[in-house]
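No value in this document is a laboratory result; all are computed from the given coordinates. Every value quoted in this text rests on a predicted model; they were computed, and no experiment measured them. FYI the Cβ positions are ideal-geometry reconstructions off the backbone, even for glycines, and counts take in every protein chain you see.
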Amino acid sequence: MRSGKRIIFLSATLLFTVMSGQCVTIAQAPLPNPVLAFRGVEFYESGGKSWTRYRYAIENAKDYPDELFAAAPSLPPCGNNTKAARTWVDFYDQRGKRLYGFCALSSSKDAIWFALEKDILPSSYVYIELKDRQTNTIYKSNLAETTQ
């Protein structure tokens, strides 16, 4: 009888362990790298200068949940913005020189762009990096053209 109770106890323990493990170990699929696409240029004036804004979109934006862009006051601020987003987006030219960045987007679907003075030509290609500051994960896009 002693061994019968032991078998029941061990079986129940094994069943509990297996069932609780299934609830805890649900792995999330890794996110894909962003697919950057050129959307056009826009000319404007600011600060007494003429500028060209190069507009882009993330083609697979739906693959990035909005919680990646939620305010993250527990992480370091972006200048005076103490509610900067969890994920920051930075533009780079094809050689890796940073052109511009966003630290307070609320969604991967938000408009992204970089601007240069009107007479300055951009490099032929640019890319972006999405930096998830909570997990220290960087998602690097493809090289996208700066003209159509």
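Structure values in brief
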| read-out | value |
| --- | --- |
| Modelled FRET efficiency - R0 35 Å, residue 147 with residue 75, Cβ distances, 0.05 increments | 0.45 |
| Separation of the residue 134 and residue 41 label points, Cα + 7 Å toward Cβ, nm | 3.9 nm |
| Rounded Å value of the spacing that divides the Cα centres of the stretch 104-148 and the stretch 82-97 | 7 Å |
